[in-house]
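To keep things clear, I will list the structure first and then write my remarks on it.
The values are calculated or read from the model by the stated rules, or taken from the named source; none is laboratory data. Keep in mind it's a predicted model, so treat the numbers as computed, not measured. All Cβ positions, glycine included, derive from the backbone under ideal geometry; neighbour counts span all protein chains shown. To get the accessible areas, we keep the full protein, side chains included, count just its heavy atoms, and leave off ligands, DNA and RNA. Shrake-Rupley method; radii C 1.70, N 1.55, O 1.52, S 1.80 Å.
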Amino acid sequence: MTSPLGLKPDLPVVDITSDAASLLWQKRTQVMRMFLPVLLLLAAIDWLSQAMYPVVEDAVVFQPSQLIFMLASLFISILMATACHRFTLLPQDRWHANALHGFRRDEWRYLLRSIVIGLVVVLLAISIAGIGIALLGKDAVLLVGVVTAMLALYVMSRLAITLPAIALGQHSPLKQAWELSRGNGSRLVLVVFLIPMLLGSPFMLLLVLDSGVGVLSYLASFGIYITSLISLVMLSLAYQFLCDLNDVDALQEPAEVTDNDNHFDA
């Protein structure tokens, strides 16, 4: 079975991973200019937060002032993500000169869509876990937890395919994301979660093993954000492939912007 364009329906995970790395290497000059400042800044925020709020006796105590660092990291990460999707999918004349730019309508829509996807997945996970424990009892908590996590990752991965479209300023409801990703849910789990986690695992391990707040800690955070950049390119390429597979124009004209920029389509 093939798509209307004659493409095989299976998402080529290995090719997408290889193409993402190749794209970043081939355009390394643009990557350095656009993303190096934001990567350095995000790593610095994490390092400073760790230095100011260290783990005390293996227990994390949240302080209200930490919220400043969390929000700063969140908003700057959104800037990086939207810029990365545009970098991958749009011609150069439609890129931002740098990932650190103003927080505009598409960035707000991207943030809102991410929150909506998170809420949907959390509510689904709570429902599945509740039903599973009610049917199987508390002795099956581990089994229920594993099944719940697998289903949550599956749903989140399929819904996440809408994010590149949001970054491009397009109207892309969750229903469309679900239809677009039909038949490729498990492969999207690899693209969205498992491969990025595998790529970032050495840096995560270094972060865990480094008990102090030194250069290694900063380099570990920096490495994790580099793997995040790769994963964003992979998601963009997966979106492009699925649009081609379903004969959808991935670069359709952005949704019309009205005078009321406070209206955001989630």
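At a temperature of 37 °C and a viscosity of 0.692 mPa s, determine how fast the chain diffuses translationally according to Stokes-Einstein, using the Kirkwood radius over alpha-carbon pairs as Rh; express D in µm²/s, rounded to the nearest whole number.
D, rounded to a whole number, is 164 µm²/s.
Averaged per residue, what accessible area in Å² does the range 33-171 show with a 1.4 Å probe, protein chains only?
51 Å²
Which distance in nm do the two modelled labels at LEU142 and LEU67 give, with both placed 7 Å along the Cα-to-Cβ direction?
Output for this residue pair reads 3.9 nm.
Extension gain PHE75-LEU135, at 0.36 nm per residue separation less the Cα-Cα distance, in nm?
Stretched fully, the PHE75-LEU135 segment lengthens by 17.5 nm.
If you take the beta carbon distance between LEU209 and TYR53 as r and set R0 to 22 Å, what does 1/(1 + (r/R0)^6) give as a FRET efficiency, to the nearest 0.05?
Efficiency, from the Cβ-Cβ distance: 0.70.
Once neighbouring chains are kept in place and the probe is 1.4 Å, which whole percent of the accessible area of the chain is contributed by carbon and sulfur?
C and S atoms contribute 68 percent here.
Taking the Cα atoms of the range 136-207, what is the range of coordinates along each of the three principal axes, in descending order and whole Å?
46, 38, 18
Give the share of C-alpha pairs in each 5 angstrom bin for the range 20-104, from 0 to the last occupied bin, in whole percents, shortest bins first.
3, 13, 21, 20, 14, 10, 8, 7, 4, 1, 0
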